[in-house]
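Engineer: Could you have a look at this structure, given as structure tokens, before my questions?
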Amino acid sequence: MNQYYDNNSSVHKGTIQEHDVIMRGRKLLEITGVKQVESFDSEEFLLDTVMGALAIRGQNLQMKNLDVDKGIVSIKGSRIFDLIYLDEQHGEKAKGLFSKLFK
């Protein structure tokens, strides 16, 4: 049972409902199901995905590819350290992300 993915829900044209994270050699991430890029810098990306908020931490992180219509983000860096889902409730806003990050 998956609370975030509903096969019967109406799908917006061009939107990916599935959420996948593919890591290649701790240097490249390909992520689908991204609703919004909340913030990013060379050490951290905060993404709002269909399965909750996702924080990615590493060294020399850069956005390699962004397709907002399809919800696809590619991130590359020298080294990726952490992939952390920050919330467990669908639809939580960005202000909740920051309060959890800086507790």
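The values are calculated or read from the model by the stated rules, or taken from the named source; none is laboratory data. Not measured: the values here are computed from a predicted model. Quick reminder, even Gly has a Cβ in these numbers, built from the backbone with ideal geometry, and neighbours come from all protein chains shown. Areas reflect the complete protein model, heavy atoms only, side chains present, ligands, DNA and RNA absent. Shrake-Rupley method; radii C 1.70, N 1.55, O 1.52, S 1.80 Å.
Engineer: Would you grab the residues whose amide H sits under 5 Å from the one on residue 49? Only those 5+ places off in sequence or on another chain, please, with H modelled 1.01 Å from N.
Structural biologist: 35, 54
Engineer: If I ignore ligands, DNA and RNA and count only protein heavy atoms, how much of residue 22 is accessible to a 1.4 Å probe, in Å² to the nearest 10?
Structural biologist: Surface accessible to solvent at residue 22 totals approximately 70 Å².
Engineer: Per-residue HN-Hα couplings for region 32-39, Karplus 6.51 cos²θ - 1.76 cosθ + 1.60 at θ = phi - 60°, whole Hz, x for Gly and Pro?
Structural biologist: With the stated coefficients, region 32-39 comes to 10, x, 8, 8, 7, 8, 6, 6 Hz.
Engineer: Near residue 56, within a Cβ-to-Cβ distance under 9 Å, what is the net charge of the other residues, with Lys and Arg +1 and Asp and Glu -1?
Structural biologist: -1
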